[in-house]
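The values are calculated or read from the model by the stated rules, or taken from the named source; none is laboratory data. Quick caveat, the model's predicted, so the values are computed rather than measured. Here the Cβ positions follow ideal geometry from the backbone for every residue, glycine too, while neighbour counts run over all protein chains shown. Side chains are part of the model used for accessible areas, which takes the heavy atoms of the whole protein and leaves out ligands, DNA and RNA. Shrake-Rupley method; radii C 1.70, N 1.55, O 1.52, S 1.80 Å.
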Amino acid sequence: MEGMYDEVASALVSSTRTKLAYALWCLKQRHTKDPQADTDKSKGKDQSPVKDMNDYVRAVQPLLADIARLARMPQRGAARSAFHLLLELVYATDPIPESSDEEGYASAAPAERVPFDTLADAMLVVIAQRRIAEEGAGFVVAEHLQELVVRARIMEMDFGFEGWFARSIALLRWYAAERAKAALAAADVALIRSWQGCESN
């Protein structure tokens, strides 16, 4: 039975990544400037595409259901895969350019993405809690936390989104602090035992 779940989970991860890649490819084609646009512009028609980040939200939002299904699978590792997939999905919708020469995004109606962000944030919290329970110290969050914090600041400064993924950031900060405390306590115990060993000799 466990082997069957592993196969299903692997297939779902692969399928979701394929769907995400295709959705982003379609948007890239849509947002790629049509050579005909220069001709149209010279005739008084500006046909250049608008890179509205809400387009990305609309394109990937249906994939949240796939990630929710993956996160509910009982075998170990499903939550880890769901965690990474969800972050891939979220990062595909935010306004950080992929390269220095890429234009940024417009946001015709910023409030449109709030329901997506709220749901994705709640999902990430639940998935992260499962990873904490399953993996313990094996769940390393420093890079994920830093990335979320940076993107949250950009969302606030450039687009006016306050508290972007606040619940996830708060949970990962708490967990990172707890792991740091545990590591410090373990180091203290090891040091005390080392001293005791020296004294007994």
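Looking for whichever is β-branched (Val, Ile, Thr) and not in a helix (DSSP H, G or I) here; the options are 140, 125, 149. Which one fits? Lay out the reasoning, then the answer.
Details: 125 fails: not in a helix (DSSP H, G or I); 149 fails: not in a helix (DSSP H, G or I).
Being β-branched (Val, Ile, Thr) and not in a helix (DSSP H, G or I) holds for just one of 140, 125, 149, which is 140.
Among 135, 103, which is the only one that is at pLDDT 90 or above and of a type in the set (Asp, Glu)? Even if it seems obvious, please write down each step before you answer.
Numbers: 103 fails: at pLDDT 90 or above.
Exactly one of 135, 103 is at pLDDT 90 or above and of a type in the set (Asp, Glu), namely 135.
Residues in segment 154-185 that are surrounded by 16 or more Cβ atoms within 10 Å (Cβ to Cβ) and either of a type in the set (Lys, Arg) or in a loop (DSSP other than H, G, I, E, B) (or both): 4 in all. Residues that are within 28 Å of residue 114 (Cβ to Cβ), in a helix (DSSP H, G or I) and either of a type in the set (Lys, Arg) or at pLDDT 95 or above (or both) do not occur anywhere in segment 36-46.
Listed conditions (1) among the β-branched types (Val, Ile, Thr); (2) more than 30 Å from residue 156 (Cβ to Cβ); (3) modelled with pLDDT of 95 or more are all met by residue 67, apart from (2). Of everything in segment 111-124 that's open to solvent by less than 10 Å² (accessible area, probe 1.4 Å) and either among the hydrophobic types (A, V, I, L, M, F, W, C) or free of Cβ contacts under 8 Å to residues at least 24 places away in the same chain (or both), which residue is farthest from residue 67 (Cα to Cα)? Taking the candidates together, the pick is 116.
Yes or no, residue by residue, for (1) open to solvent by 20 Å² or more (accessible area, probe 1.4 Å); (2) at pLDDT below 85; (3) touching a Leu at 6+ places or on another chain (Cβ under 6 Å); (4) in a helix (DSSP H, G or I):
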site	(1), (2), (3), (4)
11	yes, no, no, yes
14	yes, no, no, yes
28	yes, yes, no, yes
33	yes, yes, no, no
58	yes, no, no, yes
62	yes, no, no, yes
94	no, yes, no, no
